[in-house]
1. Sort out which residues of the range 56-70 are modelled with pLDDT of 80 or more and either hydrophobic (A, V, I, L, M, F, W, C) or not in a strand (DSSP E or B) (or both), and write them in order of number.
2. Would you check which residues across the range 236-274 are small (Gly, Ala, Ser) and free of Cβ contacts under 8 Å to residues at least 60 places away in the same chain and list them?
3. Could we say that GLY43 is touching a Pro at 6+ places or on another chain (Cβ under 9 Å) and at pLDDT 80 or above here?
4. Could you look through the range 164-187, keep only residues that are part of a loop (DSSP other than H, G, I, E, B) and within 20 Å of the chain's Cα centre (by Cα), and pick out the one that is modelled with the highest pLDDT?
5. Quick one: is TYR161 at pLDDT 90 or above, farther than 18 Å from ARG228 by Cα and in contact with a strand residue (DSSP E or B) (Cβ under 9 Å, 6 or more places away or on another chain)?
6. Hey, among the residues in the range 211-235 that are in contact (Cβ under 8 Å) with a residue 40 or more places away in the chain, surrounded by fewer than 21 Cβ atoms within 10 Å (Cβ to Cβ) and more than 20 Å from GLY46 (Cβ to Cβ), which one's farthest from the chain's Cα centre (by Cα)?
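The values are calculated or read from the model by the stated rules, or taken from the named source; none is laboratory data. Keep in mind that this is a model prediction, so the values were computed, not measured. Note: ideal-geometry Cβ built from the backbone for every residue, glycine included; neighbour counts use all protein chains shown.
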Amino acid sequence: MNARRSIADLSADLADRAESFCRQYFPEGRKQGNYWQIGDTSGAKGQSLAIRLQAEGGRKAGSWTDYATGEYGDLIDLLQERLGSVTLKETLREARSFLGEAPCPAESRDARKVERPDATSGKRTARARKLFAAGKPVLGNLAATYLQGRGITRLGPALRYHPRVFLRRGTDDADPPQRAPALLAKITDNRGQITGCARTYLDPSTGGLVAIESPKRILGQLHGHAIRFWSGTSRSDLIVGEGLENTLSVGTALSEFDLASCLTATHLGLFIPPPGIRRIWIARDNDEAGRNASMRLRNKLESLGITCGDLVPDMGDFNDDLRAFGRDALRRSLLGAMKAQCLEIEDG
């Protein structure tokens, strides 16, 4: 039996035991219908990565997609990411151990768990920095058309445009890779170091999002970090939002405020505040995920002595509000909500 066939057999055998596999290697996840949901390939809590437990609709058991990054694969791929195996050979050894085919020394496995995340993270971060560096300013191009079409005028050096970014449209390996124009946004830590690059794929024929399942993807590390937009003045207040368009819509109405976009509800709850901030306004979406994320972030911030306020749109998100009511109306609404919450704090 050749190596390719052997890997295929192992992948199929792991898929037959997908739920047991998930419970062993991703105990922080949880079962949701026919999927096991976790935050990312490291096994963190969350819902961004979904693993199919049983075959359905022509799709195989054991296949997975990380909707935050656009990555996907089978359980062999996922096992290599999770364990931190330096080589494919070590990953296959672990798979056989799980299936009861061969021993795998516990000491070596533990050592690999420590080593690989840093190596993998470094490679992705390097790719993210290279991609963002290749982008051009958002001016007179498709990215500007996209943002302007959504009523957004708050831009900044955190945004760039690239006309040909690598893209896989589906999860089928037979699908040929393509390239598509994309709005790029740099993800940074509190020191200003780039840790990732968010890609929003665009359709030149419509000026909107490209028609694929996940038109927004992340390369690199987002956990605790954000896309940042500064107002040019030193302030002790910061507005932290979910999606990029949601946050920029708030920034369009409140140009004097600093902004941080965490891109997803999960990562909103994981945001690490920069030093010197005394108050954070949480600009969440008007849904259950937004409420839960806001609560998680609020609990973290209040334990650090940072005052919090909630900014909630009338519609689904603040870009909906911006397009429906206009910039001036959104500004009055946001400032009114801020003033009311400040008065509550003073009265309390």
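1. Once the filter is applied, which keeps residues that are modelled with pLDDT of 80 or more and either hydrophobic (A, V, I, L, M, F, W, C) or not in a strand (DSSP E or B) (or both), the range 56-70 yields LYS60, ALA61, GLY62, SER63, TRP64, TYR67.
2. Once the filter is applied, which keeps residues that are small (Gly, Ala, Ser) and free of Cβ contacts under 8 Å to residues at least 60 places away in the same chain, the range 236-274 yields SER236, ALA260, ALA265, GLY269.
3. In short, yes.
4. In this case the residue turns out to be ARG168.
5. It is false that TYR161 is at pLDDT 90 or above, farther than 18 Å from ARG228 by Cα and in contact with a strand residue (DSSP E or B) (Cβ under 9 Å, 6 or more places away or on another chain).
6. Here the residue is TRP230.
Yes or no, residue by residue, for (1) crowded, with 20+ Cβ neighbours inside 10 Å; (2) closer than 20 Å to SER214 by Cβ:
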residue	(1), (2)
PHE21	yes, no
GLN24	no, no
GLN32	no, yes
GLY46	yes, yes
LEU49	yes, yes
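Residues checked against (1) part of a loop (DSSP other than H, G, I, E, B); (2) within 21 Å of the chain's Cα centre (by Cα); (3) closer than 22 Å to ARG150 by Cα:
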position	(1), (2), (3)
VAL250	no, yes, yes
HIS267	no, yes, no
GLY276	yes, no, no
ILE282	no, yes, yes
GLY305	yes, no, no
MET315	yes, no, yes
